Each structure stands twice: as C-alpha cells, then as structure tokens.
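Below is one structure, written out as structure tokens; the observations come after it.
Just so you know, all these numbers are worked out from the coordinates, no wet-lab data involved. Keep in mind that what you see is a predicted model, and the values were worked out from it rather than measured. No Cβ is skipped: glycine too gets one built from the backbone with ideal geometry, and neighbour counts run over all protein chains shown.
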Amino acid sequence: MVESASKLQYLRLAEQLSRLELVYRHNPQAFLYEQAMTMDEASGSARPWWREPIIGEIIHALMTERLLLFPKSRRRYVTWTVSGFFVWDARFHGPHFNVIQSLSEEKASFVVGQRCQYIEDNLRQGFLRRGYRSWSSSSGDTKKLVYDHTGSTIIGVKEGGDAVRTYTITRLFMDESEFQPHSHDALKAAKPLMEPDKLVQIILASSSDGPSGPIASYCRDVGFTRFS
C-alpha cells in the first residue's frame, strides 16, 4: 500500500511538472511571477517577483523586439528582469548562447551568479529546478551556466568588441553600457548579428553617464536629450 501511494504521488507530481513546464515554456511572465524569487537588497532575503506594470512591459519588449534600449532607474528593475528572461530562455529553449557583458568580468559574473543562478536556485517549487554546470570567475561568483536539459549557456564577459566576436550569440545584454569605455566597439561588433537572417537579440541597459554612450546616442538620434 505504501509503495502504491508513493507511486501515485510520483505520478501526480510528474503530471503537475509536465503541465507547468508546458505553460512556462511559452510564458516568461507567468514563470517569473509564479515561480521566481528576487532578493531584498537590504536584508538579503528572498522575496516574490515584483508585479508592477513596468515588469510586464519589459517582458513584452524582450519577447517581441530584437534591439532594446533601457534607460535604468532603481524602480524599473531592468537587470533583474533581463536576468530572469535569460534564465527562462536558457532553461526552456536552446541550445542558446546568452551573453551578459559589463565593465569587467567580475561585474558580469555578479549578474550571472547573483541574479541568474540565484533565480534558478530559489524557484518556489523546488521540483521545477533544472540541473546545470557552472564555472566561477576569479572573484568567486559564477561566470558561466550551462543547462543540462537544453545545452543553453549564460555567460558573463568583460566589455569590448573582442568578447562579442568570440561567441556565436543568441542574446547579448550590455549592462550599464554607458559606463563601458569600449561599448561602441562592442555594439559595432554586434551589429552584423542584427541582419535579417540572424535571429540575435541585443539589449542595452544603463543609468546615465552623459552624452557619449550608445544609449545616449540612440536617444539623441530620435530627439531625446535626457533620461531618468
């Protein structure tokens, strides 16, 4: 009887897993809202994902646009949401190669480890967590995740065009792009990936650092002179 009850419980769990996986595979917003956790920066404790309208707008843009520019403020939660989207993409689709680029490998690895890996490791329902292999940077944070199920990669790299040219990229997230001295070179290296026959997404996000960065240049081209 105990064995039969355990088998029935296992079958019910497998059915629930299959149903949730099917829903979440096509709906990153449901995945983040219902399963993902963020971190309270003050206490360091896990907290449910934000449900503010801007989050849904960011996710919709990530699902529909290939070139995205996000002027950052603390209330827009851009880095967390893009990290969550990269986790969703890597665990349900692939093999994809998603690159997070920042001023240094250490800063990029912080996003991979303290955002992407944190999201995967802290899903509300533990049976949904997926296996992955990880590699650490010199700072101790995780710089690379490779999902067992899909073969998809999330990797953190330092700024510059060489890092972009090295990989066959699916998605590129240039975090705090305005503070990367070689961000224009990286964007120039990435632009050929935007050809119609290449299904690559490029995401730039940053707080403002004056008029010289790539987001500022794009904003100026369309008539914006400041963002906040």
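What's the FRET efficiency of Ser136 with Lys191 using the Cβ-Cβ distance as r and R₀ = 41 Å, to the nearest 0.05?
The value I calculate is 0.85.
Give me Ser83, Ser73, Ser45 ranked fewest to most by other Cβ atoms within 10 Å of their Cβ, as a rough exposure proxy.
Working: Ser83 26, Ser73 13, Ser45 9.
In increasing order of surrounding Cβ atoms, one gets Ser45, Ser73, Ser83.
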* Please give the peptides 109-117, 35-43 ranked by average Cβ packing (other Cβ atoms within 10 Å per residue), highest first, as a rough proxy for protection. => 109-117, 35-43
* Rounding to the nearest 20 debye, state how big the charge dipole of the stretch 46-149 is about its Cα centre with +1 on each Lys and Arg Cβ and -1 on each Asp and Glu Cβ. => 240 debye
* To do: Name all residues of the stretch 120-147 having a backbone nitrogen under 16 Å from the label point set 7 Å from the Cα of Ser6 along its Cα→Cβ direction, giving them as ranges.
  => none
* Collect residues whose amide H, placed 1.01 Å from N in the peptide plane, falls under 5 Å from the amide H of Ser73; neighbours closer than 5 in sequence don't count. => Val78
* Structure fact -> Once normalised by the length of the chain, the mean sequence separation of its alpha carbon contacts under 8 Å that are 6 or more apart gives a contact order in percent of 20 percent
* For peptides 90-99, 62-71, 139-148, sequence by mean Cβ density within 10 Å, most packed first -> 90-99, 139-148, 62-71
* To do: Along each of the three principal axes of the Cα atoms of the stretch 2-221, give the extent in whole Å, ordering the values from largest to smallest.
  => 68, 36, 35
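So if each residue of separation counts as 0.36 nm, and I subtract the Cα-Cα distance between Ala46 and Ser104, what length gain in nm does that give?
In short, 18.2 nm is gained.
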